[in-house]
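A quick write-up on the structure given underneath.
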Amino acid sequence: MKRLLLFIIGSLAMLTSYAIDIDYSNNSILAAGIRLGSSLYPSFDAEIDLEYRPFRYIGANVGLMLIMPINRSEDVVKELPVIDDVTKELKNYKETSYGTAVRAGILFTTPAVMLSKGEMGLSLRFSPGIIMPFPTNKRVKVLNTETITDVYEGIEYSYTKKSDEYFDNSGAKFCYWYGRAELVLEYEENWEFTLGYTYSNFDLYGGSRNIEINGAPIVVADKKPLQNIILGLTYKF
């Protein structure tokens, strides 16, 4: 992480030293965009962003993250124990992951290097900020299956009884930090195309890690930093 930050800061300084302002600069203070990403969890995510840029090179943004994990179930949750002849099964292992989050950050952008006169410019952007998943604590549904044997008028028979049981998490972390670096291609006055990298302490399964059944946690997925490659498109109003 320290090396990444030093690389970003150094790149911003070098680009700022050699860059020039391109003459088509759009001074709009509002922008909206969408970003698609893939992380090493693994997961896919999409972001819908709104940006406020009161200054040419400094601004802020807020966005809604939609997250879809693509792990195998055995990599996320453990096989649930059989308790008193009742078989327990997690109905949807993806319920253990966060699906939505709010992201907010500050934008620092370098002056652009001109690529094509009056049409395109290339700049770097660094954005530190926070991620707040919601709901903070998750609830998961467990299917209980029990085979019951009974006797009726001297005849023994058995039937299966099924029921749902809910387990709630508590004590989850409500806020995470992130750092993002993006290569920004500005096209004409309104469009920006971005390629970026995000590093964060965001825990995709943080909302379920404290759920226990028979004294054992159900989530076994590794707790590791979020590393995300993103592609983005922004329109400046």
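Overview of values
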quantity	calculated
Pairs where the first residue, in region 216-237, is without any contact (Cβ under 8 Å) to a residue 24 or more places away in the chain and the second is open to solvent by less than 80 Å² (accessible area, probe 1.4 Å) and among the aromatic types (Phe, Trp, Tyr), C-beta under 8 Å, 6+ apart	223/205
Neighbours by Cβ (under 7 Å, 6+ apart or cross-chain): first from region 81-92, touching a residue at least 40 places away in the same chain (Cβ under 8 Å); second of a type outside the set (Asp, Glu) and open to solvent by 100 Å² or more (accessible area, probe 1.4 Å)	81/214; 83/214
Meets criteria (open to solvent by less than 20 Å² (accessible area, probe 1.4 Å), modelled with pLDDT of 90 or more and more than 21 Å from the chain's Cα centre (by Cα)) for residue 31	yes
Strands (runs of 3 or more DSSP E) lying entirely in region 116-194 (those with 1 or more residues that are within 30 Å of residue 214 (Cα to Cα) and touching a helix residue (DSSP H, G or I) at 6+ places or on another chain (Cβ under 8 Å))	139-152
Failed item in (1) part of a strand (DSSP E or B); (2) open to solvent by less than 20 Å² (accessible area, probe 1.4 Å), with residue 36 passing the rest	(2)
Test: residue 168 is loosely packed, with under 15 Cβ neighbours inside 10 Å, among the charged types (D, E, K, R) and modelled with pLDDT under 90	no
Condition broken by residue 73, with the remaining ones in (1) out of contact with any helix residue (DSSP H, G or I) (no Cβ under 9 Å at 6 or more places or on another chain); (2) more than 29 Å from residue 191 (Cα to Cα); (3) at pLDDT below 90 satisfied	(1)
Residue in region 81-97 that is open to solvent by less than 70 Å² (accessible area, probe 1.4 Å), among the aromatic types (Phe, Trp, Tyr) and either closer than 18 Å to residue 41 by Cα or assigned to a strand (DSSP E or B) (or both) present	yes
Identity of the residue in region 111-135, hydrophobic (A, V, I, L, M, F, W, C) and within 30 Å of residue 206 (Cβ to Cβ), that ends up nearest to the chain's Cα centre (by Cα)	131
Selection within region 124-156 - under 30 Å from residue 79 (Cα atoms), of a type in the set (S, T, N, Q) and touching a residue at least 40 places away in the same chain (Cβ under 8 Å)	136, 137, 144, 145, 147
Selection from region 189-237 of residues that are closer than 20 Å to residue 47 by Cβ, in contact with a Lys or Arg (Cβ under 6 Å, 6 or more places away or on another chain), open to solvent by less than 40 Å² (accessible area, probe 1.4 Å) and polar (S, T, N, Q)	198
Restricting region 136-149 to residues that are surrounded by 10 or more Cβ atoms within 10 Å (Cβ to Cβ) and more than 26 Å from residue 98 (Cβ to Cβ), the residue that is farthest from the chain's Cα centre (by Cα)	148
Criterion (aromatic (Phe, Trp, Tyr) and open to solvent by less than 50 Å² (accessible area, probe 1.4 Å)) met by exactly one of 152, 176	176
Those residues of region 54-75 which are surrounded by 19 or more Cβ atoms within 10 Å (Cβ to Cβ) and under 15 Å from residue 232 (Cβ atoms), in sequence order	59, 61, 63, 65
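The values are calculated or read from the model by the stated rules, or taken from the named source; none is laboratory data. Computed from a prediction, not measured in an experiment: that's the story for all the values here. With ideal geometry, Cβ positions are generated from the backbone for all residues, glycine too; neighbour counts draw on all protein chains shown. All accessible areas refer to the heavy atoms of the entire protein, side chains included, with ligands and DNA or RNA removed. Shrake-Rupley method; radii C 1.70, N 1.55, O 1.52, S 1.80 Å.
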